[in-house]
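Asker: Let me begin by handing over the structure; questions about it come next.
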Amino acid sequence: MPSPKTHSYEARVVWTGDRGEGTANYRAYDRASEATSGAAPAIPGSSDPSFRGDPARWNPEQLLLTSISQCHLLWYLHLCAVGGVTVTSYADHATATMAETADGGGHFTEAVLHPAVEVAAPEMVDKALALHAEAHRLCFVANSVNFPVRHEPTVTVSGPESGAQAGSVQQP
């Protein structure tokens, strides 16, 4: 039996928020950082504005939610392409909730994806809705988190025969 494939990833995160006195105190430094990996464009990072971060930069919580959403998108498009469902549009407005703990830490309590999918023909709607569960089952990122990821998709038909159907799928 062949061994499973493994993939390795690398990222470099550099703190860029030293104002000249390092972390001399809690207010002495910016939370700014820059993440790079290979030839990909740099991602300007910070903490959530609630923790003295810069709202114009990505924070780790946004990046985690974005990773879940993007992984789901990519698996979903693949499954539709090989399953005979022609997707003509896909947009997700993902949301997540994080709870702070008494010791100052915290954890995500859930993420909810709201993919709005448009397909080419009415007969594709039911399968398009059903494929969200399979995309979740295969998503590397969703399978790596310890909080529930739910899906509340809507599917419409492109063109004059449009009609929306909605569904909700919850996976642990």
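Asker: Look at residue 94 and say whether it is in contact with a Leu (Cβ under 7 Å, 6 or more places away or on another chain) and among the small types (Gly, Ala, Ser).
Answerer: Numbers: in contact with a Leu (Cβ under 7 Å, 6 or more places away or on another chain): yes; among the small types (Gly, Ala, Ser): yes.
Yes.
Asker: Tell me, which residue of the stretch 103-120 that is small (Gly, Ala, Ser) and either in contact (Cβ under 8 Å) with a residue 40 or more places away in the chain or touching a Cys at 6+ places or on another chain (Cβ under 7 Å) (or both) is farthest from residue 77 (Cα to Cα)?
Answerer: Among those that are small (Gly, Ala, Ser) and either in contact (Cβ under 8 Å) with a residue 40 or more places away in the chain or touching a Cys at 6+ places or on another chain (Cβ under 7 Å) (or both), it is 111.
Asker: Under 25 Å from the mean Cα position of the chain (by Cα), surrounded by 10 or more Cβ atoms within 10 Å (Cβ to Cβ) and aliphatic (A, V, I, L, M): does that describe residue 28?
Answerer: no
Asker: Picking from 64, 113, 79, which residue would you name as being in contact with a Phe, Trp or Tyr (Cβ under 8 Å, 6 or more places away or on another chain) and closer than 18 Å to residue 143 by Cα?
Answerer: 64
Condition check ((1) at pLDDT 90 or above; (2) among the charged types (D, E, K, R); (3) assigned to a helix (DSSP H, G or I); (4) not assigned by TED's automatic domain parsing to the domain that holds residue 134) across all residues:
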site: 19; (1), (2), (3), (4): yes, yes, no, yes
site: 22; (1), (2), (3), (4): no, no, no, yes
site: 34; (1), (2), (3), (4): yes, yes, no, yes
site: 39; (1), (2), (3), (4): yes, no, no, yes
site: 66; (1), (2), (3), (4): yes, no, yes, no
site: 71; (1), (2), (3), (4): yes, no, yes, no
site: 75; (1), (2), (3), (4): yes, no, yes, no
site: 78; (1), (2), (3), (4): yes, no, yes, no
site: 91; (1), (2), (3), (4): yes, no, no, no
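Asker: Related question: Give the residue, chosen from 20, 45, 53, that is surrounded by fewer than 14 Cβ atoms within 10 Å (Cβ to Cβ) and either more than 30 Å from residue 129 (Cβ to Cβ) or of a type in the set (D, E, K, R) (or both).
Answerer: Within the list 20, 45, 53, the selection yields 20.
Asker: May I pose another question? For the stretch 9-29, give me the residue count where each residue is small (Gly, Ala, Ser) and more than 21 Å from residue 41 (Cβ to Cβ). Please lay out each step first, then the result.
Answerer: Initial filter on the stretch 9-29 (small (Gly, Ala, Ser)): 11, 17, 20, 22, 24, 28.
From what's left, more than 21 Å from residue 41 (Cβ to Cβ): 20, 22, 24, 28.
Qualifying residue count, the stretch 9-29: 4.
The values are calculated or read from the model by the stated rules, or taken from the named source; none is laboratory data. Since this is a predicted model, take the numbers as computed values, not measurements. Positions of Cβ are generated from backbone atoms using ideal geometry, with glycine treated the same way; all protein chains shown enter the neighbour counts.
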